[in-house]
Amino acid sequence: MHVTAVLIYDIGDDEQGAISRRSLQRLVTGRLRQFPVFRRKLRRVVLGVDTPYWVEEPRPDFDYHISVRSIGRRSDWVSLTRVLTEIHRQGMDLSRPLWEMCLVRGLRDLAGLPSRCQALVLKVHHSAIDGMSLAVIIDAMHRRAKTLSRASTADPQVPDNWDVWTRFNLNNIVRQLKMAKTVRGVLPGVLRARKARRLFAELAAVSASRARFNDRVGGGRTLGAAIWPRENFIAIRRAVHRVTLNDIALCVVSGALRAYLQHYGQLPARSLVAGVPVSLRGSARDPATGNRIATMMVGLATVEVDPVERLRQIHRYAVAAKKRIDALGTGTVMDISDSVNPNILAGGIKALAQASLMALAPVPFHTMVSNVPGPMTPSRFGGADLVVPFGFGPVRDNMGLFHIVSNSHDRVSLTFNACDRLMPDGEFYRDCLERAYLALRDKAAGLSETTRSGK
């Protein structure tokens, strides 16, 4: 359950902008110290009767947390993907602070990138951050020290056994009161959500049946990345009115899934559904808010052949999903999870996952598509220019395919992480993404040309 950010840097033909291990240690002890994840670790409660506590780690082991490796003699995307797969598939030591950095050297003449590059890999456990807080961390890495916010770095007190026991009993009382309050608000929210659904009655029903990636996952991973000019996404948005850049990314994923599943004869008769995380955090600049997200269910219109029409339908599905989650209340899911004893919550989630694998139970969505916004202006780390960020999310039983969309000021990245048993042919799926993008770009360009000719 960790997320991995990959930051590609142009270090110059003479490699004068090369990043060093020492500079990464200075980064963590300096400007990144404002973020609690880099200076704290978990203290678990006996028998899991309460949620773990964050406690200060006074002297992180930088030899463990920061490493350096080379891409190898063969410098190409296949070699880089292999290295990233090895890094991402390894679980994290939950007894240490929940972050790791790895500097990957030797990126030479990779297609679509400057001639000399390095990749900085940042791996953080999802319990400590969500996509938005990861975006804030990446932004802080590239901002001048004078412009950084001075978040509180007060060390949390380490609870003794009496504190833990007192908090456990107090939290259980608070949870019961919070659950009663939450339940009172659920029914009106459900009624509002049903009313909002009726506003979009013209949308075709989506599939609730299991698809290829709704299965048990193993330890192997298949990773891949596609990078495109951001100006092309903006051109598509201008040609197809009202749609967003997120809608366009969802449309590319939809086209790729349609082609991939058609190849295997597994495309459902109804549209697949994407789970799209949305942030519940009050302030995008608050580094201490950790992980607070809900998930929208957005239809992907995978039954539609025409890419532009598919994009328009996805936009409508996305608007409908946003209306439903607003009607239900964006904090409802978090309130429910915060109101349940951790052992009961964990056991319930595992039971639901096992039940859905053992029976033909409905599934809420078939893949995840998360947006982690990158910097909108040119960014530098030391003497190295940021070319593009991308990342890889976690997969789990019943959710074996995860996409992340990110961007730099001039590029858009779309990556995928899947169980290698469910997707053994990552290169083929990447080709499906590329073809889906080109089909949408070309069809939108034709639409724009027709509009100009009409004028």
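Remark: for residue pairs Lys195/Lys323; Lys181/Lys350; Lys181/Lys323, the C-alpha separation exceeds 18 Å in Lys181/Lys350; Lys181/Lys323. The mean sequence distance of close C-alpha pairs (under 8 Å, at least 6 residues apart), as a share of the length of the range 1-138, puts its relative contact order at 36 percent.
Of Thr295, Thr81, the residue with the largest accessible area leads and the full order is Thr295, Thr81 (1.4 Å probe).
Computed from point charges on the beta carbon alone (+1 for Lys and Arg, -1 for Asp and Glu), the dipole magnitude for the chain about its Cα centre is near 1100 Debye.
Between Ser75 and Phe428, the distance separating the two model label sites (each 7 Å from Cα on the Cα→Cβ line) works out to 3.2 nm. What is the distance in Å between the Cα centroid of the range 1-49 and that of the range 91-133? Rounded to whole Å, the Cα centres lie 8 Å apart. Here the chain is treated as a Stokes sphere of Kirkwood radius computed over C-alpha pairs; at 10 °C and 1.306 mPa s its diffusion coefficient rounds to 68 µm²/s.
Shape class of the range 357-449 from the alpha-carbon gyration tensor: oblate, with a/c at 1.5 or above and b/c at least as large as a/b. Karplus-derived 3J(HN,Hα) values for the range 412-420, using 6.51 cos²θ - 1.76 cosθ + 1.60 with θ = phi - 60°, are 10, 10, 9, 10, 9, 9, 9, 5, 5 Hz; glycine and proline are entered as x.
Extension gain, Thr377 to Arg242, is 46.2 nm, computed as 0.36 nm per intervening residue step minus the present C-alpha separation. Applying 1/(1 + (r/R0)^6) with R0 = 51 Å to the Cβ-Cβ distance of Asp442 and Trp162 gives a FRET efficiency near 0.15.
Determine which aspartates and glutamates satisfy two conditions relative to Lys41: a Cα distance under 18 Å, and not lying fewer than 8 residues away in the same chain. Straight-distance partners of Lys41: Asp50, Glu56, Glu57, Asp61, Asp63, Asp93, Glu100, Asp130, Asp155, Asp160, Asp163.
Centre-to-centre separation between the Cα atoms of the range 194-254 and those of the range 365-398: 16 Å.
Residues in the range 316-322 carry Karplus couplings, in order, of 5, 4, 5, 4, 4, 5, 5 Hz; the curve used is 6.51 cos²θ - 1.76 cosθ + 1.60 with θ = phi - 60°, and Gly or Pro positions show x.
Both numbers refer to the Cα atoms of the range 32-138; Rg and Dmax are 16.5, 53 Å. Listed peptides 271-279, 238-246, 425-433 appear in the order 271-279, 425-433, 238-246 once ranked by packing, highest mean of other Cβ atoms within 10 Å at the front. Counting only aspartates and glutamates at least 8 places from Lys443 when in the same chain, those with an alpha carbon closer than 17 Å to its own are Glu231, Asp247, Glu304, Asp306, Glu309, Glu434.
The values are calculated or read from the model by the stated rules, or taken from the named source; none is laboratory data. These figures come from a predicted structure and were not determined experimentally. Virtual Cβ from ideal backbone geometry, glycine too; neighbours counted across all protein chains shown. Protein only, heavy atoms only, side chains kept; ligands, DNA and RNA dropped before computing areas. Shrake-Rupley method; radii C 1.70, N 1.55, O 1.52, S 1.80 Å.
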